[in-house]
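The values are calculated or read from the model by the stated rules, or taken from the named source; none is laboratory data. Bear in mind that the values here come from a model prediction, so they are computed numbers and not experimental data. Methodologically, a virtual Cβ is constructed for each residue, glycine included, from the backbone with ideal geometry; neighbour enumeration extends over all protein chains shown. Ligands, DNA and RNA are stripped out before the accessible areas are found, and what is left, the full protein with its side chains, is counted by its heavy atoms. Shrake-Rupley method; radii C 1.70, N 1.55, O 1.52, S 1.80 Å.
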Amino acid sequence: VVTGQDVLSRLRGADPRVLPRVVTLVENNDPRGLAALDELYRATGRAHVVGITGPPGVGKSTLTASLVERIRESGRRVAVLAVDPSSPLTGGAVLGDRIRMMARHADPNVFVRSMASRGRQGGLASATAAVVHVLDAAGFPLILVETAGTGQDGTDIASLADTVLVVQSPGLGDGVQAIKSGLLEVGDVVVVNKADQPGTNDALRLLRAGFALGHPRDDRVIPIMATDAISGAGVAELLAAIDDHSTWLDDTGNRSLRRERRARTEVLAGVRSALDAHFTTRRNESGAVQDAIARVVRRELSPHQAVDSIVATLTAP
Ligand SMILES: Nc1nc2c(ncn2[C@@H]2O[C@H](COP(=O)(O)OP(=O)(O)OP(=O)(O)O)[C@@H](O)[C@H]2O)c(=O)[nH]1
Ligand SMILES: [Mg+2]
């Protein structure tokens with residue numbers, strides 16, 4: 001178990017077992033992990049975090065593994081997090097398989113972890129953010145986070161990542177679906193993967209037309225690229241586009257803007273979840289809350305008035 005002042009030197013030291021242990025403690029919201037996180041947080045802020053998102057089955061894991069290859073060829077260490085909102089087996093297991101297939105499982109400069117949401121207290125997003133901090137402090141210059149592009153989790157990645165990579169695949173209606181889902185709005189780089197399949201040019205055309213009026217978020221031309229994650233075609237260009245975006249963030253001051261937004265999101269989400277836990281676990285002890293609920297039942301207060309009076313006591317100076 002690692003806690004206290006020496007956590008960083010041990011994290012960056014020669015023992016390869018330390019990092020997975022710290023990650024597990026942090027992931028599980030273990031008090032020892034949280035104590036370690038308090039120590040190592042000061043040493044974070046150097047990693048470039050890339051979120052990889054998109055609909056199920058478009059090839060996110062395969063593309064991630066292929067990116068890992070290119071990143072290693074460029075001489076950099078890399079950490080990968082596969083975040084699976086539903087199944088503890090599929091996403092991460094596929095990613096693990098790909099990495100093994102590419103013979104990177106024994107590479108000490110590649111760290112891979114998958115996280116499942118099942119049974120998780122406090123939310124997947126906050127656990128993901130915490131693990132990213134550990135990997136950052138451990139000195140990985142690049143951290144790739146794969147998330148399924150469905151619902152809240154798909155857009156959550158925008159508040160966690162420096163670069164958001166939105167992955168699509170060719171196929172009738174895919175582009176339209178992506179535009180409708182709002183997924184493209186969070187994309188800094190857009191990829192049509194499975195470029196070996198028919199319909200790739202149509203998908204590229206559709207996406208380019210969709211972006212022709214400008215990006216909804218900032219005035220930067222969004223690269224829309226094609227990759228074949230299995231052969232690796234286009235993946236070197238994709239890595240170059242990710243690196244370009246990283247440079248752009250620094251040159252324009254956008255990196256600090258994003259980080260401020262990220263810190264705000266993380267802190268406020270933490271406050272909400274702590275308050276939620278407080279009211280769930282201490283519900284029976286909190287006289288003011290019980291009293292307000294009883295008055296709502298007796299029709300003395302409307303639910304809205306009860307909420308106002310409880311919040312007023314909480315926020316009183
Ligand atoms: N032809 C072709 N198949 C691909 C390509 N990339 C991935 N695949 C295949 O597509 C299937 C899904 O790939 P995954 O990498 O698991 O896709 P994913 O987006 O991570 O899937 P989920 O995490 O389950 O949403 C697998 O059978 C891959 O072999 C590609 O570029 N071309
Ligand atoms: Mg996957």
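What the table below lists for this structure:
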{"read-out": "Hits in the stretch 21-34 - residues which are open to solvent by less than 40 Å² (accessible area, probe 1.4 Å) and either touching a Phe, Trp or Tyr at 6+ places or on another chain (Cβ under 7 Å) or part of a helix (DSSP H, G or I) (or both)", "value": "VAL22, VAL23, LEU25, VAL26, GLU27, GLY33"}
{"read-out": "Some residue of the stretch 229-237 being modelled with pLDDT of 95 or more, of a type in the set (A, V, I, L, M), within 21 Å of GLU69 (Cβ to Cβ) and touching a strand residue (DSSP E or B) at 6+ places or on another chain (Cβ under 6 Å)", "value": "no"}
{"read-out": "Hits in the stretch 170-198 (condition: modelled with pLDDT of 90 or more and closer than 22 Å to ASP156 by Cβ)", "value": "ASP188, VAL189, VAL190, VAL191, ASN193"}
{"read-out": "Candidates GLY45, GLY13, filtered to the one that is modelled with pLDDT of 90 or more and of a type outside the set (A, V, I, L, M, F, W, C)", "value": "GLY45"}
{"read-out": "Output for the stretch 50-87, where each listed residue is within 13 Å of ligand 1 (Cβ to nearest atom), of a type outside the set (Val, Ile, Thr) and assigned to a loop (DSSP other than H, G, I, E, B)", "value": "GLY54, PRO55, PRO56, GLY57, GLY59, PRO85, SER86, SER87"}
{"read-out": "Pairs with Cβ under 7 Å, 6+ apart, first in the stretch 58-71 and farther than 14 Å from GLU237 by Cβ and open to solvent by 10 Å² or more (accessible area, probe 1.4 Å), second β-branched (Val, Ile, Thr) and more than 8 Å from ligand 2 (Cβ to nearest atom)", "value": "GLY59/VAL167; LYS60/ILE52; LYS60/VAL167; THR62/ILE230"}
{"read-out": "ALA269 being open to solvent by less than 50 Å² (accessible area, probe 1.4 Å) and more than 23 Å from the chain's Cα centre (by Cα)", "value": "no"}
{"read-out": "The stretch 188-200 residues that are touching a residue at least 40 places away in the same chain (Cβ under 8 Å), paired with ones that are among the polar types (S, T, N, Q) and outside any strand (DSSP E or B) (beta carbon under 9 Å, 6 or more apart)", "value": "VAL191/THR227; ASN193/THR62; ASN193/SER169; ASN193/THR227; LYS194/SER169; LYS194/THR200; LYS194/THR227"}
{"read-out": "Qualifying residue in the stretch 199-214 (condition: open to solvent by 50 Å² or more (accessible area, probe 1.4 Å), closer than 15 Å to THR53 by Cβ, modelled with pLDDT under 95 and away from ligand 2 (no atom under 16 Å from the Cβ))", "value": "no"}
{"read-out": "Answer from ASP219, ASP251 - the residue that is of a type outside the set (S, T, N, Q) and either touching a Gly at 6+ places or on another chain (Cβ under 6 Å) or over 28 Å from HIS133 (Cα atoms) (or both)", "value": "ASP219"}
{"read-out": "Of residues in the stretch 151-169 being open to solvent by 10 Å² or more (accessible area, probe 1.4 Å) and under 13 Å from the mean Cα position of the chain (by Cα), the one modelled with the highest pLDDT", "value": "LEU160"}
{"read-out": "Helices (runs of 4 or more DSSP H) enclosed by the stretch 221-313 - at least 2 residues per element that are within 30 Å of THR62 (Cα to Cα)", "value": "235-252, 254-281"}
